[in-house]
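First the structure, in the form of structure tokens, and then the observations on it.
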Ligand code: ZN
Ligand code: ZN
């Protein structure tokens, strides 16, 4: 066991504070990673505040959040073959899974039917709580560690491990590419990655944002078009025009109005988690054989594919770097931000 410094929420809704805890002794396939940067994801805030109690079996406190981890390998155990000391690596939302169920066998460990072990607020196979990336180091099985391309800076690469793969996976699954019209709803942490990735995949990209305030940013990131959803004209102009809409917004909205923007066989994919249930009319869906779907992060293989794709295209996240001491202030800002 080794003492590790981190930042934890002592109880739901309490501010995060310094916390000393134990990381396990490396098992034979484990990699020890010195964490250089960790992204602040909106789901960190939901979990640290106990807001996902309805989705999760339990909320485990003290909780060390953080699942957008970027760092450097400082030690490898005897049977590790994939990584060596000094490698730039990342860890995303989960650190293990059953490895044998149908989902795991399809490289879709995030949908493990037995038990995906979440990077924090989970329990490992010894029933010990897992602690995330708001800490100085982490010990992870090499099969659940990702390689970060040499040309990507570790700080801006960190959010790729959650925000990046959350957008990449549905874009790939629903075939965003040349000749496809893709809309991204929202231009926050998730949405801005969707714009960059869909553009790099050579789809025609439209941002649907509340106002035109972020239009210049959207265009800089690769959007071909930018529309304000506060303007009713937008829905007339864009009726039945998209193959794929990725919805990154968790605020309330008129879902049926957005379905009307999908063309025949178009799909809207939900990647954010709205607080309330989604009210859906059947008619807007069936008139053009439209689909409403959901997607959650990605498996290890696809996450590595996404990182390599980002390396090849020089894509990383737009970030603001803060010291961990300011994490509570950052939480207030993220929780209050419009998408
Ligand atoms: Zn996340
Ligand atoms: Zn499994």
Are any of the residues in the stretch 272-291 closer than 17 Å to residue 164 by Cβ, surrounded by 19 or more Cβ atoms within 10 Å (Cβ to Cβ) and outside the structural domain of residue 19 (by TED's automatic domain parsing)? yes
Selection from the stretch 145-166 of residues that are more than 16 Å from ligand 1 (Cβ to nearest atom) and either part of a strand (DSSP E or B) or modelled with pLDDT under 95 (or both): 147
Which numbered condition trips up residue 71, out of (1) assigned to a loop (DSSP other than H, G, I, E, B); (2) more than 16 Å from ligand 1 (Cβ to nearest atom); (3) closer than 25 Å to residue 151 by Cα? (1)
Being surrounded by fewer than 13 Cβ atoms within 10 Å (Cβ to Cβ) and either more than 16 Å from residue 326 (Cβ to Cβ) or modelled with pLDDT under 95 (or both) is the filter here, so list the residues in the stretch 12-23 that pass it. 13, 20, 22
For residue 273, state whether it is modelled with pLDDT under 95, closer than 30 Å to residue 147 by Cβ and outside any helix (DSSP H, G or I). yes
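Yes/no per residue for (1) at pLDDT below 95; (2) surrounded by 23 or more Cβ atoms within 10 Å (Cβ to Cβ); (3) within 19 Å of residue 305 (Cβ to Cβ):
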residue: 191; (1), (2), (3): no, yes, no
residue: 194; (1), (2), (3): no, yes, yes
residue: 198; (1), (2), (3): no, yes, yes
residue: 203; (1), (2), (3): no, yes, yes
residue: 207; (1), (2), (3): no, yes, no
residue: 211; (1), (2), (3): no, no, no
residue: 224; (1), (2), (3): no, no, no
residue: 229; (1), (2), (3): no, no, no
Have a look at 135, 103 and point out the one that is touching a strand residue (DSSP E or B) at 6+ places or on another chain (Cβ under 6 Å) and either touching a residue at least 24 places away in the same chain (Cβ under 8 Å) or away from ligand 1 (no atom under 16 Å from the Cβ) (or both). 135
For the stretch 90-109, how many residues are surrounded by 15 or more Cβ atoms within 10 Å (Cβ to Cβ), farther than 16 Å from residue 27 by Cβ and near ligand 2 (Cβ under 8 Å from one of its atoms)? 5
Give 244, 262 a once-over and let me know the one that is more than 26 Å from residue 110 (Cα to Cα), at pLDDT 95 or above and surrounded by 19 or more Cβ atoms within 10 Å (Cβ to Cβ). 262
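The values are calculated or read from the model by the stated rules, or taken from the named source; none is laboratory data. Everything numeric in this text was worked out from a predicted model, so none of it was measured. Positions of Cβ are backbone-derived with ideal geometry, glycine not excepted, and every protein chain shown enters the neighbour counts.
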